[in-house]
Amino acid sequence: MSSTTATATTKTKQKHARSEFWTCFVASVAFRLVLVYLPRNLHLSSRPEVATPLTSIRRLAEGYWLKQSSMSPYAGSMYHGSPLLLLLLGPLTVKRIEGQPEQLLCSLLLVIADILNAMLIRATGQSLQKAYAQHLEALDLFKLTEESGILPSGDIAALVYLWNPFTIVACVGLSTSPVENMAILLALYGACKGLVPLAAFGWVLATHMSLYPAILIIPVILFLGYGPDAPPRKLFLQRSYRKCGTSPSSDHYCKTEDAADLLELRITFSWRRVMQFLLWTFIWGIYFLLLCDISVRQYGGLSEMFKSTYGFILTVKDLSPNTGVLWYFFAEVFDFFRDFFLIVFHVNILFMILPLAIRLKHRPGFLAFVYLAISSMFKSYPSVGDSALYLAVLALFVNELADMKFSFFLFCGYVGVSLLSPVMHNLWIWRGTGNANFYFATAMAYACLQIILVVESVSAMLNHDRKLRKITTAQLDDGKS
């Protein structure tokens, strides 16, 4: 009787939680539509934190106008994005609806992109949580998670993304960040669900649009090879081998078999899926190159596109202020040392890839968050849309990171930087009572906060794994005694 009552209570709570989620979901969409109809989108499209030379819809509209005038969209050094974005968003920038705000169609498309992103995050979180619960159950640790309470990480991450002020201003501020984020999330979702063509499509599209998501090929391959995030392999080894020497009872034997089966899944690397992913990556890459070649053939071809997009990213030619630190550094550095420091900053990202992949290979989803945060710190033209994405991916691991330190400090730091950044920019650019150091100070503080976030989150995840190892070892010792 008590078990039936508990089951009914659990179902009632789940139904109530789902209704609350959809209420918050609809409210976030309505809030975006209200902001879209405000005069000139609150001038967010001109904010350096929101729109960068790569993500600005205004620059895209300029590139589309040049193309319609039979000129190269990359002439005049205004547009540096993908020619495929011109085909998708360009026509919407010139269409006007009488009595409606300018760029209404673009804004509605970005709202739809945010909705899709939230649903992808939610579906990815549900898959990760289901797989992780199965692993804990095989290790006899599921009761521990029931006592501490498992939060629906997919719902939480989706709401974090939808209600994050960074996400909202990127959507309302006419930035292409929601579209780029959607490509990244498609890659992660496809890899988590084992949908190889979708994972390859998302990764190729994301890399094509902003280059830096290329490093996500490692988490995607780990997803496809080993499966979703799981406890360390040593725990399955302990459970499957050490427990065999305890008692020949059938109950113990079944648990050992379950752990051994999961161990085999975690050890066996699925090369077949990885090879399929590489094949589909090649197919999608050729397809996108053909589309780009057709689009820019009469304007210099692919070489002109590569020079104006990837070359523009790697050489940091535009030194207009943004949330990063490269614009200030290369404005001050001597030209003689410029190439050297360009190599240093870009290679710095690559140096971190392999050590993190070795240490976190059993958690490809969390590894993807770390890579996204690192690329957001060191990329040439970062925006708040990048931070919105990695914060949402971080929320997928709300249960594992429950003991993370400095959470309140980081929250206050992000709020403080978000408020101070426009103030310092106003003092420097419009009032003339400050200088570039004022705005750069907020960029430095923002970079430090991101470093602390990555360090503390990785530390908390490793501590969580150590906690599981200690509990498993204690259970095995109790079973032997």
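The values are calculated or read from the model by the stated rules, or taken from the named source; none is laboratory data. In this text, all values refer to a predicted model and were calculated from it rather than measured experimentally. Cβ sites come from the backbone with ideal geometry, for glycine too, and all protein chains shown count toward neighbours. Just so you know, the surface numbers come from the protein's heavy atoms only, side chains and all, with ligands and any DNA or RNA stripped out. Shrake-Rupley method; radii C 1.70, N 1.55, O 1.52, S 1.80 Å.
Calculated from DSSP H runs of 4 or more alone, at -39500 (n - 2.57) each and per residue, what is the 222 nm mean residue ellipticity of the chain, nearest 500? The partial results should precede the final answer.
Working: 21 runs with 348 residues, N = 481.
Computed mean residue ellipticity for the chain: -24000 deg cm²/dmol.
Express in nm, to one decimal, how much length is gained between Ile286 and Leu427 on full extension, taking 0.36 nm for each residue of separation and deducting their alpha carbon distance. Show your work: numbers first, answer last.
Working: separation 141, 0.36 × 141 = 50.76 nm, distance 4.80 nm.
Taking 0.36 nm per residue and subtracting the Cα distance, the gain is 46.0 nm.
Label segment 34-99 by shape, choosing from rounded, prolate and oblate, from the square roots a ≥ b ≥ c of the eigenvalues of the Cα gyration tensor; if a/c is under 1.5 it is rounded, and otherwise prolate applies when a/b is larger than b/c, oblate when it is not. Write out the running numbers ahead of the final one.
Values: a/c = 2.39, a/b = 1.41, b/c = 1.69.
Taking the square roots of the gyration eigenvalues as a ≥ b ≥ c, segment 34-99 is oblate.
Specify whether the C-alpha gyration tensor of segment 374-464 places it in the rounded, prolate or oblate class, a ≥ b ≥ c being the square roots of the eigenvalues: rounded for a/c under 1.5, otherwise prolate if a/b is larger than b/c and oblate if not.
Values: a/c = 2.77, a/b = 2.28, b/c = 1.21.
Prolate, because a/c is 1.5 or more and a/b exceeds b/c.
Write down the accessible area per residue of the chain in Å², having rolled a 1.4 Å probe over the full set of protein chains.
Working: 22850 Å² over 481 residues.
Here the per-residue accessible area is 47 Å².
Would you please classify the overall shape of segment 342-412 from the alpha carbon gyration tensor, given that a ≥ b ≥ c denote the square roots of the eigenvalues, rounded means a/c under 1.5, and beyond that prolate means a/b larger than b/c while oblate covers the rest?
Working: a/c = 2.06, a/b = 1.28, b/c = 1.61.
Here segment 342-412 falls in the oblate category.
Pulled fully out, how much extra length does the chain show between Val333 and Leu462, if you take 0.36 nm times their separation in residues and subtract their Cα-Cα distance?
On the way: separation 129, 0.36 × 129 = 46.44 nm, distance 3.85 nm.
Once the chain is fully extended between Val333 and Leu462, it gains 42.6 nm.
Among Val34, Trp203, Tyr299, which residue has its Cα positioned farthest towards the positive end of the charge dipole of the chain, with +1 placed on the Cβ of Lys and Arg, -1 on the Cβ of Asp and Glu, and the dipole taken about the Cα centre?
Of the candidates, Trp203 comes out farthest on the positive side.
Kindly point out which whole DSSP H helices in the chain project their C-alpha atoms 30 angstrom or further along the helix axis while averaging a Kyte-Doolittle hydropathy of -0.5 or above.
Values: long enough: 2-36 (51 Å, 0.13); 104-138 (52 Å, 0.87); 271-296 (37 Å, 1.22); 338-359 (33 Å, 1.62); 436-480 (66 Å, 0.24).
Membrane-span-like by this rule: 2-36, 104-138, 271-296, 338-359, 436-480.
How much solvent-accessible surface does Ile294 expose, in Å² to the nearest 10, with a 1.4 Å probe and all protein chains in place?
120 Å²
From largest to smallest, what semi-axes in whole angstrom does segment 71-203 give when each is the square root of 5 times an eigenvalue of its alpha carbon gyration tensor? Walk me through the numbers on the way to the answer.
Values: eigenvalues 293, 64, 22 Å².
With the √(5λ) rule applied to segment 71-203, the semi-axes are 38, 18, 10 Å.
Tell me, rounded to the nearest percent, the portion of alpha carbon pairs in the chain spaced more than 44 Å apart. Walk me through the intermediate numbers first.
Values: 20822 of 115440 pairs.
Every Cα pair in the chain considered, those over 44 Å come to 18 percent.
Using a basic spin-label model with each label point 7 Å from the Cα along Cα→Cβ, how many nm lie between Ser303 and Ser407?
Between Ser303 and Ser407, the label points sit 5.5 nm apart.
So how much slack lies between Ser270 and Phe31, counting 0.36 nm per residue of separation and subtracting their Cα-Cα distance, in nm?
Details: separation 239, 0.36 × 239 = 86.04 nm, distance 4.40 nm.
Length difference between fully extended and current span is 81.6 nm.
Can you give me the % of accessible surface on the chain that is carbon or sulfur? Probe 1.4 Å, all protein chains present, nothing else counted. Write out the running numbers ahead of the final one.
Working: 15210 of 22850 Å².
Accessible surface attributable to carbon and sulfur in the chain totals 67 percent.
Exceeding 23 Å between C-alpha atoms, which entries from my cross-link table qualify? They are Lys405/Lys467; Lys317/Lys379; Lys95/Lys379; Lys361/Lys470; Lys234/Lys467.
The answer is Lys95/Lys379.
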